[in-house]
Amino acid sequence: MPVYTDASGRIDIKSLTLPELTEQMQGMGSETFRSRQVYKWLWQKHARTFDEMTNVAKTVRVALAEKFYIAFLTPVGVLQSRDGTVKFLWKTHDDWQIESVLIPDEDRLTLCVSSQVGCAMACTFCLTGDLGLKRHLRPSEIANQPLQIRPVMPKVGLSEEARITNIVMMGMGEPLHNYDNLVPALKTYLDEDALGFSHRKITVSTVGLVPRMQQLAAELPVNLAVSLNASTEEQRREVMPITRKYSMKTLLDACRDLPIPQAKRITFEYVMMGGFNDSMEDAARLVKLMHGIKSKVNLIPYNENPDRAIKRPPEARVRAFQHYMVSRGIQCSVRTTRGIDISAACGQLGKADAASVAEFFGAAIVPQAPTSCTTPEPSTQSALRDGADA
Ligand code: SAH
């Protein structure tokens, strides 16, 4: 797995899994159990410095600070929707902007996490695709998103006891294109000494990078979602260029053969685009495509935006499509649109007032020291699409 360092050669400690940290610390002559203590300080006690780790010997703390640094994302904006959805905007140490979206819903509190800056998949309907891929996020950057949101939840109207219950890798980027960084981050989500999420509460969503899907299914028991978005090869090829590499048949055959645990199903996301893939013929074909796959279908009515002529189908059409699927024995839900009003404010995000954001996050988040910057890349004005619905 990749090891990341800052300008002075110190290792990004939060990009390491516990076994990797243990190995690194053994190299320093430290007893094995020390690494677990340090790991807990990082992921459960929100340590900002090694000096805070009071149950670790002073000499070890000094040695740790020489060898490692503790990475944080810099918060640059918080936007709250009338429906309770909250969008967090962050800057990476090299000045790229990313987002996470917190979605409260009755008994669930779902965090939608970004895995890349931009995306290389170029799906025609998706605005993130317009950015192209700027870079992969590191494990620390993927895992810091839920970590850094936890302490500020009361400030966005959630109770002291509120906890993120579900993680969905459905923010910016194609998570399986960033496999080598995704897997250590998922291990940090899952580890009981770190963020401690159950595998049942974590979903990785993909355009369908078949070999990586197979690899992930063999490696970690998390949930898989596949963005299908079409009912024929031609249709899918038109909107999802990845279909040229892995045909829909290849993708669905692979899904049929994946070692899915007894209690799990693959979610197929189907973005409904008016007059394109929302007819009853599409529904009939989709039923056939699902044959023999442990699946459920999640219909996502298209979120319109000024940069695309694509229309959201009328509600009645979405419901008719859903009813048809259900009548043919397919588990099928419609994703509620959330946070529309804050995504409309996307153009303003770059102007977020840094001082008020710092005050909002208070001591919970420390902007990364400038010394830890590697080669700075130019800042970009992200064209973030409606992450709440992502
Ligand atoms: N790259 C991964 C993770 C992103 S998930 C994937 O594609 O699965 C983002 C989801 O939002 C995908 O299912 C995508 O098809 C969907 N999407 C993109 N733009 C949308 C829009 N304007 N309206 C509704 N859904 C959209």
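The values are calculated or read from the model by the stated rules, or taken from the named source; none is laboratory data. Everything numeric in this text was worked out from a predicted model, so none of it was measured. Quick reminder, even Gly has a Cβ in these numbers, built from the backbone with ideal geometry, and neighbours come from all protein chains shown. Please note that ligands, DNA and RNA were not included when accessible areas were found on the heavy atoms of the full protein model with its side chains. Shrake-Rupley method; radii C 1.70, N 1.55, O 1.52, S 1.80 Å.
Remarks
- Only one of Asp253, Asp341 that is open to solvent by 40 Å² or more (accessible area, probe 1.4 Å), within 30 Å of Leu131 (Cα to Cα) and in a helix (DSSP H, G or I): Asp341
- Test result for Pro306, modelled with pLDDT of 65 or more, open to solvent by less than 40 Å² (accessible area, probe 1.4 Å) and within 12 Å of the ligand (Cβ to nearest atom): no
- Considering residues of the range 106-149 that are free of Cβ contacts under 8 Å to residues at least 24 places away in the same chain and open to solvent by 20 Å² or more (accessible area, probe 1.4 Å) only, the residue nearest to the ligand (Cβ to nearest atom): Gly132
- Annotation: of all residues in the range 220-246 being in contact with a strand residue (DSSP E or B) (Cβ under 7 Å, 6 or more places away or on another chain) and not hydrophobic (A, V, I, L, M, F, W, C), the one that is least open to solvent (accessible area, probe 1.4 Å) is Asn229.
- Residues that are under 16 Å from the mean Cα position of the chain (by Cα) and in contact (Cβ under 8 Å) with a residue 40 or more places away in the chain, drawn from the range 214-229: Leu216, Asn223, Leu224, Ala225, Val226, Ser227
Rundown of residues vs (1) small (Gly, Ala, Ser); (2) in a helix (DSSP H, G or I), yes/no style:
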site: Ala225; (1), (2): yes, no
site: Lys249; (1), (2): no, yes
site: Ala283; (1), (2): yes, yes
site: Ala309; (1), (2): yes, no
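- Any hit, the range 198-213, residues being in contact (Cβ under 8 Å) with a residue 40 or more places away in the chain, farther than 17 Å from Arg265 by Cβ and not aliphatic (A, V, I, L, M): no
- You will find that of Phe88, Phe33, the residue that is surrounded by fewer than 22 Cβ atoms within 10 Å (Cβ to Cβ) and among the aromatic types (Phe, Trp, Tyr) is Phe33 and no other.
- Residue check for Gly77: in contact with a strand residue (DSSP E or B) (Cβ under 6 Å, 6 or more places away or on another chain), surrounded by fewer than 18 Cβ atoms within 10 Å (Cβ to Cβ) and either at pLDDT 95 or above or not polar (S, T, N, Q) (or both): no
- Checked against (1) over 17 Å from Ser295 (Cα atoms); (2) surrounded by fewer than 20 Cβ atoms within 10 Å (Cβ to Cβ); (3) more than 16 Å from the ligand (Cβ to nearest atom), Asn166 passes all but condition (3).
- Enumeration of residues in the range 259-273 that are out of contact with any Phe, Trp or Tyr (no Cβ under 9 Å at 6 or more places or on another chain) and modelled with pLDDT of 95 or more: Arg265, Ile266, Thr267, Phe268, Glu269
- Residue, nearest to Asn178 (Cα to Cα), within the range 122-146, restricted to residues that are among the polar types (S, T, N, Q) and in contact with a strand residue (DSSP E or B) (Cβ under 6 Å, 6 or more places away or on another chain): Ser140
- Only residues that are open to solvent by less than 30 Å² (accessible area, probe 1.4 Å), at pLDDT 95 or above and hydrophobic (A, V, I, L, M, F, W, C) were counted across the range 42-72, and they come to 10.
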